[in-house]
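Here's the structure, in structure tokens; my notes come after.
The values are calculated or read from the model by the stated rules, or taken from the named source; none is laboratory data. Bear in mind that the values here come from a model prediction, so they are computed numbers and not experimental data. Please note: Cβ atoms are built from the backbone with ideal geometry, for glycine as well, and neighbour counts cover all protein chains shown.
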Amino acid sequence: MANPNEPLSAEAPLRGRSIVVTRAQGAGAERFARRLRAMGAEVVEFPTIELASPDDYAPLDRAIARLDSFDWLIFTSATGVDAFIARMKTLGRELDQPKSASLAAIGPATARRLRDYGFEVAAMPAEYRAEAIIGAIGEERIRGARFLVPRAQIAREHLPRMLAEKGAAEVVVAPAYRTIMPPPAGVDSLRQRLVTVDLVTFTSSSTVDNFCALIGAIAPGQKAAVIGPITGETARRHGFTVVISPAKYTIGALADAIRDWSIGAGAK
């Protein structure tokens, strides 16, 4: 951990900080780690989830076969967008904007990924959590509409339930991918150095659950930085002291909040 009496450089506000990144390996995790290193942090990359195909593609394949019957497609993550598009390609489907369906995205990263594929996004909530999409779409457009939600195989059920409660005619939840726990490489080494770690960062509840499954019991006072309140609840349940939870639930906002924490009174 950094010496609390040593002033931090404005050019390297995370100098002397040791930060664990638990996000799945990929471009997103690399950008996050690179940004923290650019601010002077020592980054320990310890991915606690890996992405895999769902146990069964049949529900997604059936949904794709009748894509034009849906009024809305709701994407809850950029990973879900990539997995959906990959399956469309595997099935030989055209990657055109759906003729009858509007697209909704939970968060700017998800919306950006849809636009990368040439799709227009009709709704994105100001608050980047699934429940907020109800207000972004509007209850009047939910009643009687048919929804497809391509997402992780295991995920919170709030969104499908809320759509049904608001009068949706149909809500199809189609697993496009699943998250699994990676092999326990580097576990012993990380256990030994956790006492010197300033922060463990979490970007989903599954990263918290798997971290604790791999590492074991968490020492009292172990600090965590989380991407949002749901992840924060999971971290606290496992015994972490959550010191950072940005108002915007994005990786960029999390990195900025870590910087602010490091140079502010809360880090001392």
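Structure data summary
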read-out: Considering residues of the stretch 103-118 that are more than 21 Å from K248 (Cα to Cα) and either modelled with pLDDT under 90 or not charged (D, E, K, R) (or both) only, the residue farthest from the chain's Cα centre (by Cα); value: G118
read-out: Hey, F147 among the aromatic types (F, W, Y) and out of contact with any helix residue (DSSP H, G or I) (no Cβ under 7 Å at 6 or more places or on another chain) or not; value: no
read-out: Among residues of the stretch 38-58, those that are in contact (Cβ under 8 Å) with a residue 12 or more places away in the chain and not in a strand (DSSP E or B), counted; value: 12
read-out: Meets criteria (under 30 Å from I215 (Cβ atoms) and of a type outside the set (D, E)) for T110; value: yes
read-out: Candidate set: the stretch 39-60, residues that are over 22 Å from the mean Cα position of the chain (by Cα) and exposed (fewer than 15 other Cβ atoms within 10 Å of the Cβ); chosen: the one nearest to V20 (Cα to Cα); value: D56
read-out: Members of the stretch 2-33 that are at pLDDT below 90, of a type in the set (D, E, K, R) and buried (at least 18 other Cβ atoms within 10 Å of the Cβ); value: R23
read-out: Per-region count, the stretch 211-227, residues at pLDDT 95 or above and either outside any helix (DSSP H, G or I) or surrounded by 23 or more Cβ atoms within 10 Å (Cβ to Cβ) (or both); value: 6
read-out: So F70, is it under 23 Å from the mean Cα position of the chain (by Cα) and on the phi < 0 side of the Ramachandran plot; value: no
read-out: Complete set of residues in the stretch 222-248 that are under 21 Å from P125 (Cα atoms) and touching an Asp or Glu at 6+ places or on another chain (Cβ under 8 Å); value: P246
read-out: Filter result for the condition that a residue is modelled with pLDDT of 95 or more and in the same structural domain as V242 (by TED's automatic domain parsing), over L36, L73, L60; value: L36
read-out: First in the stretch 191-205 and surrounded by fewer than 23 Cβ atoms within 10 Å (Cβ to Cβ), second anywhere and among the hydroxyl-bearing types (S, T, Y) and not in a loop (DSSP other than H, G, I, E, B), Cβ under 9 Å, 6 or more apart; value: R193/S18; T196/S18; V197/S18; D198/S18; D198/S262; S205/T231; S205/T234
read-out: Residue within the stretch 82-98 that is outside any helix (DSSP H, G or I), buried (at least 19 other Cβ atoms within 10 Å of the Cβ) and not hydroxyl-bearing (S, T, Y) present; value: no
read-out: Residue satisfying all of: in the stretch 168-186; of a type outside the set (V, I, T) and touching a helix residue (DSSP H, G or I) at 6+ places or on another chain (Cβ under 6 Å); modelled with the lowest pLDDT among these; value: P184
read-out: Hits in the stretch 233-255 - residues which are small (G, A, S) and over 21 Å from V195 (Cα atoms); value: S245, A247, G252, A253, A255
